[in-house]
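Okay, so here's the structure we're looking at.
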Amino acid sequence: MSQEPIDTNCMTLTRWILAEQKKYAPGSSGDFTQLLSSLQTAVKAVSAAVRKAGISNLFGIAGNTNVQGEEVKKLDVLANELFINMCRSSYATCLLVSEENDNEIEVETERQGKYIVTFDPLDGSSNIDCLVSIGSIFAIFKKPSEDEPLSPGDALQSGRQIVAAGYALYGSATMMVISAGHGVNGFMLDPSIGEFVLTDPDMKVKPRGKIYSINEGYENKWEPAVKEYVKSKKQGKPYGSRYIGSMVADVHRTLKYGGIFMYPATSDAPNGKLRILYECMPMAFIMEQAGGLASTGKMPILDLVPKSLHQRSPIFLGSTEDVQDVLKLIEKHSAEA
């Protein structure tokens, strides 16, 4: 059996990061490049842990509860520590916001750089035990003032201030999808060389898809506009319904195949469930960079300025035409109210 020839000139993520720096910021310090490389290392380490979770007892509850009231799995703890340590040791960050920590984490003065990183180290972690895809999400902001010391609220910035965002999906393969504000690129982890290789250059979401993604168990708690929209997708030539319950997996599918992903407000959770800084904003940034839309139902997600670290928001994101359809219905219902 002949072996596949080895590509001696493949575009790795490291090479792509360096090329982007040369192209868009030729005179820069290289801090941003170093930070992206550190995040890549964290993802590789989390991927390795996820792959052997069942074998080495990384499953199960660590006995703590995080700020969201979810029981923390051992793998969550490990992923969080990896992200924090890699960001700290990059010498490029000054402030970290993690889903797992109540408060922001200030980096030691001697290691401080000019970037703020918000992240969900292991999204969809309730799916670990049943081997459903999970992921990591991150966004990178700049410190508001490079010369001033850190002040409270420096992490609470508008999504329009995002410098770069990305996510990693630990599925049938490990993939990283990244945007630094010049389109979206997807990289698959090649385990034989331990490198992320560019497999999906310049990703674009279709203008309209054929899939809607929402947790229909909460139908009775939705606002009338969302009920009407979902009902309309089951009539005529119906849309397919797909809902994994792992935001990274659901958004990745939406990016690849088109359609709409929704996590609306409910009567129990009027502000929605997904967190703005490290779930909604990074995904909205990627979706807009890929030519799609992301909205709270009332305004673009990226126009939000959060008032607290773990603030939540409803979200509708995906193909432009699909998102516009649901926004028109929300507008129609609010005009009638």
**Item:** Partner lysines for Lys74 [C-alpha distance under 22 Å; skip if fewer than 8 residues away on the same chain]
**Value:** Lys44, Lys52
**Asked** So which lysines can Lys231 reach, going by Cα to Cα under 26 Å and dropping same-chain residues fewer than 8 places off?
**Response** Lys206, Lys210, Lys221, Lys256, Lys273, Lys298, Lys328, Lys332
**Request:** Could you pull out every residue, at least 5 positions away or on a different chain, whose amide H is within less than 5 Å of the one on Leu95? Hs are placed 1.01 Å off N in the peptide plane, and Pro or chain starts have none.
**Result:** Val107, Val117
**Item:** For the stretch 134-144, 3J(HN,Hα) per residue [Karplus equation, 6.51 cos²θ - 1.76 cosθ + 1.60, θ = phi - 60°, Hz, x = Gly/Pro]
**Value:** 10, x, 10, 10, 8, 9, 10, 10, 9, 4, x
**Complete:** Membrane-span-like helices (DSSP H runs, Cα span along own axis at least 20 Å, mean Kyte-Doolittle at least 0.0) in the chain -> 31-51, 74-88
**Against the rule of thumb 2.2 N^0.38 Å, how large the Cα Rg of the stretch 62-193 comes out** = 1.11
**Prompt:** Karplus couplings for the stretch 203-213 from phi (6.51 cos²θ - 1.76 cosθ + 1.60, θ = phi - 60°), rounded to Hz, Gly and Pro as x?
**Reply:** 5, 10, 8, 4, x, 8, x, 10, 10, 10, 9
**Prompt:** Based on the Cβ-Cβ distance of Val163 and Arg208, what FRET efficiency does E = 1/(1 + (r/R0)^6) give at R0 = 25 Å, to the nearest 0.05?
**Reply:** 0.25
**Asked** For the chain, what ratio Rg/Rh do Cα atoms give with a Kirkwood hydrodynamic radius?
**Response** 0.96
**Message:** Output wanted: per-residue J couplings in Hz (rounded whole) for the stretch 114-121, from phi through Karplus 6.51 cos²θ - 1.76 cosθ + 1.60, θ = phi - 60°, x for Gly and Pro.
**Reply:** 9, 10, 10, 10, 10, 7, 10, x
**Complete:** If one builds a Gaussian network model of the chain from Cα atoms under 10 Å apart, the most fluctuating residue listed among Ser145, Ser37, Ser313 is Ser145
**Item:** Distant-in-sequence amide H partners of Lys273 (H built 1.01 Å from N, under 5 Å)
**Value:** Ser313
**Computed [θ] at 222 nm, helices only, for the chain once each DSSP H run of length n ≥ 4 contributes -39500 (n - 2.57)** = -9000 deg cm²/dmol
**Request:** Report the FRET efficiency, 1/(1 + (r/R0)^6), for Ser232 and Asp147, where r is their Cβ-Cβ distance and R0 is 51 Å, rounded to 0.05.
**Result:** 0.45
**Complete:** The long-range amide H neighbours of Leu304, using H built 1.01 Å from N in the peptide plane and a cut-off of under 5 Å, are Gly159
**Prompt:** In terms of Cα to Cα distance under 25 Å, which lysines are near enough to Lys143, apart from those fewer than 8 places away along the same chain?
**Reply:** Lys22, Lys23, Lys114, Lys307
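Only the coordinates and a few stated rules stand behind these numbers; no lab work does. Bear in mind that the values here come from a model prediction, so they are computed numbers and not experimental data. Because the Cβ atoms are built from the backbone with ideal geometry, glycine has one as well, and the counts that use them run over all protein chains shown.
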